[in-house]
1. If the chain were replaced by its equivalent ellipsoid, with semi-axes equal to the square roots of 5 times the Cα gyration tensor eigenvalues, what would those be, largest first, whole Å?
2. Once the Cα atoms of helix 207-216 and of the chain are each reduced to a long axis, what angle between those two axes, in degrees from 0 to 90 to the nearest 10, is obtained?
3. Kindly work out what percent of the DSSP beta bridges joining two residues of the chain are antiparallel, to the nearest 5.
4. Just to confirm the number: angle between the C-alpha axis of helix 85-96 and the first principal axis of the chain, 0 to 90 degrees, nearest 10?
5. Between segment 227-274 and segment 169-184, what's the alpha-carbon centroid distance in Å?
6. For the chain, find the longest principal axis of its Cα atoms and tell me its angle to the long axis of helix 231-246, 0 to 90°, nearest 10.
Ligand SMILES: [Zn+2]
């Protein structure tokens, strides 16, 4: 009899540990997918205990309805443009008829104006990834402002896309509340992501790794962080497209996704592993 009690206690402990791990795993990626100019940046980035709890309950589907969230997926490509890689990426996206969003570095766009123009011609959406790609959390407020404004000015001089003035993503995902507030004061929505499959880990990540991650952590809606200049990222696109399309997803630009879905639903998407 004692034997059974020990097994029962062990099972309960294992279940509790698994639950605790899930909460830890979730907490580790507790960041909003975006902060709009009208949101309270402090509250969005460091929610109160009540905010955390509400979010965890939503995540578990306990609080509020998450049914009927549109299966939209926005692929966002950071950095560049780069010779060779950017044309290869655009060719792959065009072939698959995937509209995508490109967070370009102002300095690189100036250096390769014909590549920047080609992104626009192919229907790609272009947004602001600063002028020189620094770690913004290490800069003063004035320097952060300059990076964002200069990035915008460089891109605006090359192409005409309203997204340049609307969407900003901090390099390396490094930001502070101050960085986000500066972006807000310039009219920007700071765009992070729902999933980061880690394609920036250059040598170790295979196309299969990337697809498996995006499928496992798929949400609806879904903003996926990817990078220009990575061969594995280009190679995985056909199987990613096939998997998500057969699961009923539609590929859209970030701007289309933002116009179609309430911001709160982007920050609290429904889980839909593909
Ligand atoms: Zn970057």
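1. Equivalent ellipsoid semi-axes, largest first: 35, 23, 17 Å.
2. It works out to around 60 degrees.
3. Antiparallel: roughly 15 percent of the beta bridges in the chain.
4. 70
5. Measuring centre to centre over Cα atoms gives 23 Å.
6. 60
The numbers here are math on the coordinates, done by the rules we state, and not lab data. Predicted model only: the values in this text are computed from it and were never measured.
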